[in-house]
Structure formats: C-alpha cells, structure tokens
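Each reported figure results from applying straightforward, stated rules to the coordinates on display, with no laboratory input. What you see is a predicted model, and the numbers here were worked out from it, not measured in a lab. All Cβ positions, even for glycine, are placed from backbone atoms using ideal geometry, and neighbour counts span all protein chains on display.
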Amino acid sequence: MEYKVNIWGYTRMYCMVFVFAFPLFFSTILMAEKIGSVSTKFKILGANDKIVIEAFDDPEISGATCYLSRAKTGGVSGTVGIAEDTSDASIACRQIGPILLPKNVKNGKADGREVFKKSTSLLFKSLQVVRFYDPKRNVLIYLTYSDRVIEGSPKNSISTIPIMPWR
C-alpha cells in the first residue's frame, strides 16, 4: 500500500500563514504614532516621497518620548512596499513626565538597548533607536541610525534628555 503526501498543500498553507501573520506580529512591535508628513518629491504613479514624523515612548522609561523624522520613498515601489528608504533621519527626545530610571539603566547594563526599530526596506534595512545613560550628567542619550545585514550607514542623529525633577 502506497501513501502519497501532498507537500504542496502544506507548503502553501505555511506560506500563507507566514505572509499574513508575520506583518501582523511585527506591526505591533514596530508601531510608532504618526504625527504628520510633508511631500518632498512629486511622483506621477504612486505616493509622493515624504518626510514622516512619528512619536514613540521609551518602553522602559515612562516620561520619555522621542520624535523621529525620516524619509519615506514613494512611487509605485514605495506604495507596494518594496522600495528602500534612504538612511536620513533625525530625532528629538523630551521629558514629558516624571522619570524613574530602572536599575539596569542606572548601572549601564541597558546601554545600547534598542528602544525602537522600523523596517525601511522589504528585507534587510532598518532604522533603529538605541538608548544610553550618562550617570555623571544624569542624562539619557538616544541615537538613531540605519543598518543593513551587510553594511550600515554612518548617518546618525542623537538627542538627550537631562533628567530633571518633575512638578
């Protein structure tokens, strides 16, 4: 007696689950609140190139919010989601409430920890924000930069939050 297994049915099923579940899973992790955008280049087909402004709260430190401006490529490839955005970004972080630093931040064990990440191409490029703490000056430092699997970009921007008493 021979048993025939239809692997193509299973392969298609797993591909469909991956294609639909993967973006849903990561969209909750990578979301930032969109504040606004401005068009920088007109495209006849598809969306215009833009500068997008987004806000995100530091997931470990309440009272710290960062505003990130970044380039977003338009056109047909940008609309479909296969365009690669440029590495241009700027960041400004502010204290918006009382800040109590966790022990792992105070002792430097959380230095360089990723607090935000956004994919800027289909597979290999991302824009990241990492946090450092300067105990001598009692300041949080946020660094934004772009990286790829093979090579990153030297373009970067920093912002600081001097930790002050909140009234």
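Starting from the amide H of residue 113, placed 1.01 Å from N in the peptide plane, find each other amide H under 5 Å away whose residue is 5 or more places distant or on another chain.
131
Quote to one decimal, in nm, the extra length available between residue 156 and residue 88 on full extension: 0.36 nm per residue of separation minus the C-alpha distance between them. Please list the in-between numbers first.
Details: separation 68, 0.36 × 68 = 24.48 nm, distance 0.78 nm.
Working it through step by step, the gained length comes to 23.7 nm.
Hey, can you rank 141-147, 125-131, 57-63, 103-109 by average C-beta count inside 10 Å, highest first?
On the way: 141-147: 19.3, 125-131: 20.9, 57-63: 16.4, 103-109: 13.0.
The packing order, highest mean first, is 125-131, 141-147, 57-63, 103-109.
Out of residues 5 or more away from residue 64 or on other chains, whose amide H comes under 5 Å of its own, with H placed 1.01 Å from N in the peptide plane?
Distant-sequence amide H within range of residue 64: 58, 96.
Tell me the label-point distance for the pair residue 117, residue 104, using the 7 Å Cα-to-Cβ offset, in nm and rounded to one decimal.
Roughly 1.5 nm, to one decimal.
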